[in-house]
Amino acid sequence: MSTSPSTIRESVTEFTVGFNDAVGPTLAAVFEREQAALAAVGVPSAVATAGQSLPAATLLAADGSQLPLADVLAATPAVIVFYRGAWCPYCNLTLKHYNENLAPALADRGVTLVAISPQTPEGTEAATLKDDLGFTVLSDPGNALANELGIVTAPSDDARAAHTELGFAVADSNADATPAIPYPTVLVVDAGGVIRWIDVHVDYTSRTEVPEVLAAVDAL
């Protein structure tokens, strides 16, 4: 009798087998090289650190309305998840897992959960509706907030060519029509807006697991 994956890593491993079979060995190798190159470079030195204040930002809701981040957080502790976009299957797996396993635990603790990407509001709506996400999902046009946090990157040229071969382009999904995207990142912020914990994953197939987030939240 099969069981549902209990961690994001298990879901990723299961998905990747099918994905590689679907795209074929040539394209699979392109993405594997990209992941290896990202891991080899490591986390950028300019990434925000614990103890820094969360920068002010104005984000977009799925309906296109502007929302100051401070209003969204409303002076409560928060977990902020940066993801690449609704086009990214690893992001979708992660948001679905967080919706089922992280969001309820945070609600019990009185902690706000917010997910942010650089995609258009339409992309934000797609991400929300796909898995009926019960937490706030917002757009960060031009990666303005992500840039302030030092977590912006972009797909490699080879990966972008592979995306084109698969029928899409990251730039078409982004609000600023560029391919810039954030590294998958989770921040824990206290009620005063100070970053108390940050976890950056340069390899986009690797994500922060729920127990790690909850441990950081419980340490506030």
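Among residues of the range 1-29 that are loosely packed, with under 10 Cβ neighbours inside 10 Å and at pLDDT 95 or above, those with a Cβ under 9 angstrom from a residue that is part of a helix (DSSP H, G or I) and of a type in the set (Gly, Ala, Ser), sequence gap 6+ or separate chain, pair up as Thr26/Ala162.
Within the range 171-198, restricting attention to residues that are more than 23 Å from Cys88 (Cα to Cα) and not aliphatic (A, V, I, L, M), the residue that is nearest to the chain's Cα centre (by Cα) is Trp197. Count of the range 74-91 residues, restricted to those that are surrounded by fewer than 19 Cβ atoms within 10 Å (Cβ to Cβ) and in a helix (DSSP H, G or I), is 1.
Residue by residue, here is whether (1) closer than 23 Å to Ala61 by Cα; (2) assigned to a helix (DSSP H, G or I); (3) free of Cβ contacts under 8 Å to residues at least 40 places away in the same chain holds:
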| site | (1), (2), (3) |
| --- | --- |
| Glu125 | yes, yes, no |
| Ala144 | yes, yes, no |
| Asn147 | yes, yes, yes |
| Asp203 | no, no, no |
| Pro211 | no, yes, yes |
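If you go through the range 162-192 and keep only what is assigned to a helix (DSSP H, G or I) and either surrounded by 22 or more Cβ atoms within 10 Å (Cβ to Cβ) or touching a residue at least 24 places away in the same chain (Cβ under 8 Å) (or both), you end up with Ala162, Glu165, Leu166, Val170, Ser173. Counting the residues of the range 59-85 that are in contact (Cβ under 8 Å) with a residue 24 or more places away in the chain and in contact with a Pro (Cβ under 9 Å, 6 or more places away or on another chain) gives 12.
The values are calculated or read from the model by the stated rules, or taken from the named source; none is laboratory data. Computed from a prediction, not measured in an experiment: that's the story for all the values here. All Cβ positions, glycine included, derive from the backbone under ideal geometry; neighbour counts span all protein chains shown.
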